[in-house]
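Worksheet: the structure to be examined is printed underneath.
The values are calculated or read from the model by the stated rules, or taken from the named source; none is laboratory data. In this text the structure is predicted, and so the values were computed from the model without any measurement. Counting neighbours? That spans all protein chains shown, and the Cβs are built from the backbone with ideal geometry, glycine included. These area figures cover heavy atoms from the full protein model, side chains too; ligands, DNA and RNA do not enter into them. Shrake-Rupley method; radii C 1.70, N 1.55, O 1.52, S 1.80 Å.
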Amino acid sequence: MAGKNERDRRRARERFERQRQQRLQRQHKIRQWTGIGLVVAMVIGLGVGLTLAFAGGSGSAATSKSTPKATASSSASASASASAVAEPAQHCTYTTAGTAAKKVSKPSATPDYKSGYAATINTNLGKININLLNSKATCTVNSFIHLASADFWNASQCHRIVTTGGLYILQCGDPIAKADAKLTCAQTAGAPGTGGPGYEFASENLTGAKYTAGTVAMANSGTANSNGSQFFLVYQNSTLPAQYTPFGTITSGLDILQKVAKAGTSCHYSGAGDGAPKEKVVIDSVSVHKT
């Protein structure tokens, strides 16, 4: 029985990888059409980079389809080099990429790397409190703080929930997914999951990265160092390659994510268990404070 279960899990992972590759190919075409340069494949593709894969780069968990945006396959060497940056970083580089889904400036290049920070995502379903890993993912946290202070995510929906294939994430962070919109799981230019802040930045904190329940990580566009505004929240231990920057840990509110996951999806991105949440999750605001 144990052997059969392992074979089933392996087949599920292989099926997920095939779906993710197909999704990345479709997203690549979208990026060519729009010049956005990112699509959520996750937070992870499932087709989350959570973009996840997760496409969610600058403009996709666990896939950004920027997939935990929230997009999702950069090479092992690229991941290693991204994590080679000494942390906490004292200088950050944010590069123009695509068109911002909502007008916002670039973050400061000189982060407050000495302070501790915590964030609260205020949603229609309650508060999700997060401890931000500023000493391990300084430039990512610096960008998160900047976007939160600019109200970048206010009145936006978390556009993707994944409940299958060893991937259990809620992907958020794209203002294109407006609070009052009916999400349709469209995979076209300008659809929810393709938006970002108009800049991208390098990955961090990848060495030994694990995506256990409570992890908050960046979605990307399926390539290294293509982080933008999309991120994913892990509500159950998930199996992902160490290619998505973990930058926070949920301290309360995990039950909200689990409730949303239990409700399932209203449409599908790449198959059953990967789509828009049936239980709508609206980000009213995001607040950050020093600890």
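Computed values, structure above
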| quantity | calculated |
| --- | --- |
| Residue satisfying all of: in region 131-165; farther than 29 Å from SER270 by Cα and assigned to a strand (DSSP E or B); most open to solvent (accessible area, probe 1.4 Å) among these | ASN131 |
| Residue ID - surrounded by the most Cβ atoms within 10 Å (Cβ to Cβ), chosen from residues in region 193-248 that are aliphatic (A, V, I, L, M) and outside any loop (DSSP other than H, G, I, E, B) | MET218 |
| Residues within region 166-192 that are in contact with a helix residue (DSSP H, G or I) (Cβ under 9 Å, 6 or more places away or on another chain) and surrounded by 24 or more Cβ atoms within 10 Å (Cβ to Cβ), tallied | 5 |
| Close pairs from region 244-267: first farther than 12 Å from TYR168 by Cα, partner of a type in the set (Asp, Glu) and assigned to a strand (DSSP E or B), Cβ under 9 Å, at least 6 apart | THR265/ASP274 |
